[in-house]
Amino acid sequence: MTRELWDQEAATFDREPDHGLADPATRAAWRDLLLGVLPSAPARVADLGCGTGTLARLLVDEGYEVDGLDFSEEMITRARAKVPEAHFVVDDAASPGLEPHAYDVVLSRHVLWAMSDPVQAFGRWVNLLRPGGVAVLVEGSWSTGAGLTADEAAEIVRQHRSELTVQHLTDAVYWGKEIDDERYLLVSRA
Ligand SMILES: C[S@@+](CC[C@H](N)C(=O)[O-])C[C@H]1O[C@@H](n2cnc3c(N)ncnc32)[C@H](O)[C@@H]1O
């Protein structure tokens, strides 16, 4: 999708349960999922393709320092309003202009699939990590036909990393509905 299309999505983006996390049970599920794999706060997180900043809000509330990046001005305008404590930049996640080797966590939810060269993009994401940093991806192969299977995402990650785990996110609580497609958390610690 183009930047212009994401700009058009921004005003209604948070209506999806997993985007806006308006339901306390959904928000708590994402909180528990992410805190279960992130290093303890305080830690520096780069949220790539951060959208309206919902995950940034969640993590700042838990004591993390978050830099968010998205190429959509409309998404970033909303993220800045939602999370004034965080730092947001309008930039291309394919080549993020954030400080190299400065982050404990690179987090990206539903963005790797949209990269024209995901192997190259993920290599640049990994370059943002400090030694010992963690890459946390949430991706899916959706019933719409878009996305990446867990096997495809793992293959991309293995071009740059030696270790990864995949957790399938089948519980309806994450999505506000039952799902029958493939959605997962991929964590790489080395
Ligand atoms: C499905 S949304 C996910 C937003 C957020 N990560 C979340 O989970 O709520 C995808 C986001 O990636 C952004 N995006 C897509 N391609 C991008 C690119 N090349 N560079 C930066 N952001 C991009 C879009 O603008 C959009 O905000």
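The values are calculated or read from the model by the stated rules, or taken from the named source; none is laboratory data. None of the values given here were measured: they were computed from a predicted structure. Every residue, glycine among them, receives a Cβ derived from its backbone with ideal geometry; neighbour counts consider all protein chains shown. What goes into the accessible areas is simple: the full protein's heavy atoms, side chains included, and nothing from ligands, DNA or RNA. Shrake-Rupley method; radii C 1.70, N 1.55, O 1.52, S 1.80 Å.
Quick notes
- Inclusion of Ser40 among residues that are of a type in the set (S, T, N, Q), open to solvent by 40 Å² or more (accessible area, probe 1.4 Å) and either in contact with a helix residue (DSSP H, G or I) (Cβ under 7 Å, 6 or more places away or on another chain) or within 9 Å of the ligand (Cβ to nearest atom) (or both) is not warranted.
- Any chance Asp7 is open to solvent by 60 Å² or more (accessible area, probe 1.4 Å) and assigned to a helix (DSSP H, G or I): no
- Meets criteria (in contact (Cβ under 8 Å) with a residue 60 or more places away in the chain and more than 8 Å from the ligand (Cβ to nearest atom)) for Leu33: yes
- Subset of the range 124-146 [more than 15 Å from Val187 (Cα to Cα) and either of a type in the set (A, V, I, L, M, F, W, C) or touching a residue at least 24 places away in the same chain (Cβ under 8 Å) (or both)]: Arg124, Asn127, Leu128, Arg130, Pro131, Ser141, Trp142, Ser143, Ala146
- Qualifying positions in the range 19-46 - polar (S, T, N, Q) and in a loop (DSSP other than H, G, I, E, B): Ser40
- Hey, Thr149 of a type outside the set (A, V, I, L, M), surrounded by fewer than 20 Cβ atoms within 10 Å (Cβ to Cβ) and touching a residue at least 12 places away in the same chain (Cβ under 8 Å) or not: yes
- Total residues in the range 154-178, condition outside any strand (DSSP E or B) and in contact (Cβ under 8 Å) with a residue 12 or more places away in the chain: 17
- Within the range 163-190, being open to solvent by 30 Å² or more (accessible area, probe 1.4 Å) and more than 17 Å from Trp142 (Cβ to Cβ) holds for Glu163, Leu164, Thr165, Gln167, Val173, Arg189, Ala190.
- Qualifying residue in the range 79-90 (condition: buried (at least 19 other Cβ atoms within 10 Å of the Cβ), aromatic (Phe, Trp, Tyr) and under 15 Å from the mean Cα position of the chain (by Cα)): yes
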